[in-house]
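Okay, so here's the structure we're looking at.
The values are calculated or read from the model by the stated rules, or taken from the named source; none is laboratory data. All values reported here derive from a predicted model rather than from experimental measurement. So basically every Cβ, Gly included, is an ideal-geometry build from the backbone, and we count neighbours across all protein chains shown. Heads up: the accessible areas ignore ligands, DNA and RNA and are worked out on the full protein's heavy atoms, side chains in. Shrake-Rupley method; radii C 1.70, N 1.55, O 1.52, S 1.80 Å.
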Amino acid sequence: MCEHCEDFHRTVLLLGSLALYADQSGADDTFIGLVGPSLAASLPEPPPGLFPPGYDPNAGPEYPGGW
């Protein structure tokens with residue numbers, strides 16, 4: 001697997017772990033609020049072939065709250 005691919009997968013795993021932590025009682029909301037956006041911003045471009053040809057992540061519906 002390419003280094004870029006490993007970075008992508010590692011960051012996705014960290015985001016998933018953070019999401020699991022956020023669901024635990026007593027989770028530190030300040031930590032989650034600081035680390036979550038930082039991890040998301042550091043997410044590299046997805047590896048080639050992860051999405052179908054012509055996929056546009058910005059072409060979806062508008063979500064409540066600006067997502």
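Within segment 26-37, being exposed (fewer than 10 other Cβ atoms within 10 Å of the Cβ) and in a helix (DSSP H, G or I) holds for D29, T30. Suppose the filter is over 14 Å from the mean Cα position of the chain (by Cα) and open to solvent by less than 90 Å² (accessible area, probe 1.4 Å); does D23 pass it? So D23 fails the test. Considering only residues that are in a helix (DSSP H, G or I) and surrounded by 10 or more Cβ atoms within 10 Å (Cβ to Cβ), look in segment 39-67 and name the one that is modelled with the highest pLDDT. Residue satisfying both the conditions and the ranking: L39.
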